[in-house]
Amino acid sequence: MSTTAQAPSRTIDRPPPAERVLTRPQQRRHLAGFSMIEVLISISIVSVLMTSVMFSLQASFHAYQETTESASRDTIARLTMNALLSMVRTGSEFGPVPYNVITSPIVESDYIEFITARGDYVRVEYVEDDTTLYVVIDPDGEAQREVLASGVLPVYDEETRLPPFTLHYVVGPRLYRVTIDLMFGEDSAVDLSQEGSMTDPIRLVSSVMPRNN
């Protein structure tokens, strides 16, 4: 019976991996943070980004501001005009009246007066110095003056100021038609601007014929 001799196993002892030894300059670079140049570059980039964001926010705020002012001004202008048209349409006994309705049937005035549908004697007058439209109740008695609209600008045709109320009369004298010409600008009561008004004024011209005159 034959036996086969097995070779004894050998283990190879390998030396452990050598550790990387850093020199002092390498150690300093390994432990150091950002350099001054890197910090300055980072600060510059952040500053540029922040400036861009601030400009974007400012542009958005100005756009919102302008839209809000324009919408508020347009709303006040149209509400004021509609209120005047309604009062004239339902009013009676209008003034001022012309001296001679045949030769001068048209009266241009800064005010219009009439009797309302409720029987009140009312005068609507424009004061240029105040840029304000007032409603005066019972002007010949204990006058009650209230602001109808502020920021009402004078209207000019070249160098001539145009009165806001043009009254057309026929024989009677009887009021045939009223033309109202108003320009609405910045209203201090609702102005949101920190640097003045940024929107153009709006001019409204309307005509109305009274029903009960």
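Read-outs throughout are calculated quantities, based only on the coordinates presented, and are distinct from any laboratory measurement. Fair warning: this is a prediction, and the values are worked out from it, not measured in the lab. All Cβ positions, even for glycine, are placed from backbone atoms using ideal geometry, and neighbour counts span all protein chains on display.
Judged by the mean number of other Cβ atoms found within 10 Å, the most tightly packed of the peptides 79-90, 156-167 leads the ranking 79-90, 156-167.
Once the C-beta distance of R203 and R118 is scaled by a Förster radius of 41 Å, the resulting FRET efficiency is 0.85 to the nearest 0.05. Mean sequence separation of contacting Cα pairs (under 8 Å, at least six apart), scaled by the length of segment 55-208, corresponds to a relative contact order of 22 percent.
A cut-off of 5 Å between modelled amide H atoms, ignoring neighbours fewer than 5 places along the same chain, links L162 with V155, Y156, D157.
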